[in-house]
Amino acid sequence: MILTRFGYFWGEADAAAMRRIFDWRDGRELIRALARMQRIQGLAVSAIKIVKFDELKKQYELDMTLHNSAEAEEHAAAFGASDEPVCWIISGYSSGYASWALGEKIYFIEDKCLGAGDRICHATGKDAASWGEKLKPFMKFFRSDDIHGKILRLTEELKRKNRELQNQKKLVANAGIAFQTSPMVEIRSPAFAQTAELAARVAKYDATVLISGESGSGKEVIARYIHSASERAAKPFFPINCGALPDSLLEGELFGYRAGAFTGATKDRSGLLEEAGAGSVFLDEIGDISPALQVKLLRVLQEKEILRLGENAPRKIAARIIAATNKNLKEEIAAGKFREDLYFRLAVVEIEVPPLRERPEDILELARHFVRKCASKHKIRNLRLDASCARLLLQYKWPGNVRELENAIERASIFANDGLIMPENFPEAVVQPETDLFRGEPDSFAKLAEIEARHIGIILEKTGGNKSKAAKLLGISPATLWRKTRRTLKNQ
């Protein structure tokens, strides 16, 4: 139906152009040009015979024979023989062309078709009155339902969408897309574009920044961009994971120490805050530092000076501090675990990085980028994603965000056959994201404790055994998760 209508308006446009450009003796000559137009367009080699041409009564009958119909041949090659004629575009094109040429609605109906097993294609074109009742079953193919008006409305809508897209592209461009994992990655989601714009703005100023977001969402990528887009770009960028080190080691790494300050301190050492000079120090997982270290860090932000372990004289620093956390620091403040004054010092500007599930427009582009990256890393020629992977990647919620997506792509690339990544090459958590804890017969319901244990096991499997991440997804504390897993092991 849509193909016939498409052909109809195509034919109208061509007939209008032919009438406008060339001089014609009469309508007959213009109709005969229809056969030449179909050949030029590559539709078919056709012959048009005028059977009836009564301009006074507005009655017309045209006989059209088609050889080498491209439409019929393509349909037969793709789908085999059809039960009915399949030259829908050609029928629509001929109808639109003749209707415009004669100033009267002409309808071509195909009765023989190569696609239906006939030797040639044949169609007859008549005005509606000449067709009579025979036309009714075919009118649904030609009825436009104000398609012209719809096209105009859709054109305006398309123009509006294009304007929005161009504005969005300008927004992203102004934001400085260099913070992305690669300049080859095109970020399309409005949510991340807003994050980019905010990062671009704050990069120009020497303010302390707090970046919040789930694990793996790209907080360090944003921090590196802020540094690279600032006046400190030529200076060092030092990242440190505050949650990965105990307080004693973390303090020494940040502030440095004097020889003899503790066992093993055989010589003086400067800390990252001092070594960075006029560069940037990225404090990842800032929400995990102890209250004692929070006090010392607050002094660093207030006074711009540090005190090495074992020394009494403070040292001035010039480094910019960018912090990040996957915790809700306001909740931590309410629970008495994080200092409010330190929060306000850190969050002069706070940037929230949206999780991957809230920016689905970026998933496929990121996936393609990681495929290219894996192809280079593992030297896999012609590594590519099968089209069937798109739905799989878009329907999964990605609790591990961009980091999980990258790991999943790398795993899939290793198991791909001949460089073609198929859905079954992805981790089971991605392939089968939905789990039915109550699947089974009605008389075999599990106990509540068993269901809880199974659910915890599923979450731990999805997070790769990361108990901190699992606890967050479950909405419980790490200590509670530890007790529950310990109890499960005892009951086994």
Which condition from (1) at pLDDT 90 or above; (2) under 37 Å from the mean Cα position of the chain (by Cα) is the one that K105 breaks?
(2)
Taking the condition touching a strand residue (DSSP E or B) at 6+ places or on another chain (Cβ under 8 Å), surrounded by 14 or more Cβ atoms within 10 Å (Cβ to Cβ), closer than 28 Å to S248 by Cβ and touching a residue at least 24 places away in the same chain (Cβ under 8 Å), does I351 pass?
no
Would you mind listing the helices (runs of 4 or more DSSP H) fully within the range 318-395 where at least 1 residues are over 18 Å from the mean Cα position of the chain (by Cα)?
329-334, 340-346, 363-377
Out of all the residues in the range 329-343, is one or more closer than 30 Å to G419 by Cα and either in contact with an Asp or Glu (Cβ under 6 Å, 6 or more places away or on another chain) or modelled with pLDDT of 95 or more (or both)?
no
Can you tell me which residue within the range 396-419, out of those that are part of a helix (DSSP H, G or I) and of a type in the set (S, T, N, Q), is nearest to E361 (Cα to Cα)?
N401
Kindly establish whether K126 is at pLDDT 90 or above and crowded, with 18+ Cβ neighbours inside 10 Å.
yes
Restricting the range 220-242 to residues that are part of a loop (DSSP other than H, G, I, E, B) and in contact (Cβ under 8 Å) with a residue 40 or more places away in the chain, the residue that is farthest from R201 (Cα to Cα):
C242
Give all pairs with beta carbons closer than 9 Å in which a residue from the range 75-93 that is assigned by TED's automatic domain parsing to the domain that holds I31 and among the aromatic types (F, W, Y) meets a residue that is in a loop (DSSP other than H, G, I, E, B) and surrounded by 13 or more Cβ atoms within 10 Å (Cβ to Cβ); count only pairs at least 6 apart in sequence or on separate chains.
F79/V86; Y93/L43
Would you mind finding the one in L298, L293, L245 that is part of a loop (DSSP other than H, G, I, E, B), surrounded by 15 or more Cβ atoms within 10 Å (Cβ to Cβ), touching a helix residue (DSSP H, G or I) at 6+ places or on another chain (Cβ under 7 Å) and hydrophobic (A, V, I, L, M, F, W, C)?
L245
Residue tally, condition over 15 Å from L393 (Cα atoms), modelled with pLDDT under 80 and not hydrophobic (A, V, I, L, M, F, W, C), over the range 417-456:
13
Looking only at the range 390-400, decide whether some residue is out of contact with any His (no Cβ under 6 Å at 6 or more places or on another chain), aromatic (F, W, Y) and modelled with pLDDT under 90.
no
S95 - would you say it is buried (at least 17 other Cβ atoms within 10 Å of the Cβ), polar (S, T, N, Q), within 24 Å of L135 (Cβ to Cβ) and in contact with a Cys (Cβ under 6 Å, 6 or more places away or on another chain)?
no
With respect to I50, is the statement that it is among the β-branched types (V, I, T), in the same structural domain as A123 (by TED's automatic domain parsing), in a strand (DSSP E or B) and under 15 Å from G125 (Cα atoms) true?
yes
Exactly one condition in (1) in contact with a Leu (Cβ under 6 Å, 6 or more places away or on another chain); (2) without any contact (Cβ under 8 Å) to a residue 60 or more places away in the chain; (3) farther than 21 Å from K112 by Cβ is false for G27; which is it?
(2)
Checking the structure you have, find out if any residue of the range 408-416 is modelled with pLDDT of 90 or more and loosely packed, with under 14 Cβ neighbours inside 10 Å.
yes
Looking only at the range 2-36, filter to residues that are under 15 Å from C87 (Cβ atoms) and of a type in the set (A, V, I, L, M, F, W, C); which one of those is surrounded by the fewest Cβ atoms within 10 Å (Cβ to Cβ)?
I2
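The values are calculated or read from the model by the stated rules, or taken from the named source; none is laboratory data. Please read all numbers here as calculations on a predicted model, not as lab measurements. Neighbour counts are summed over all protein chains in view; Cβ atoms, including those assigned to glycine, are modelled from backbone coordinates with ideal geometry.
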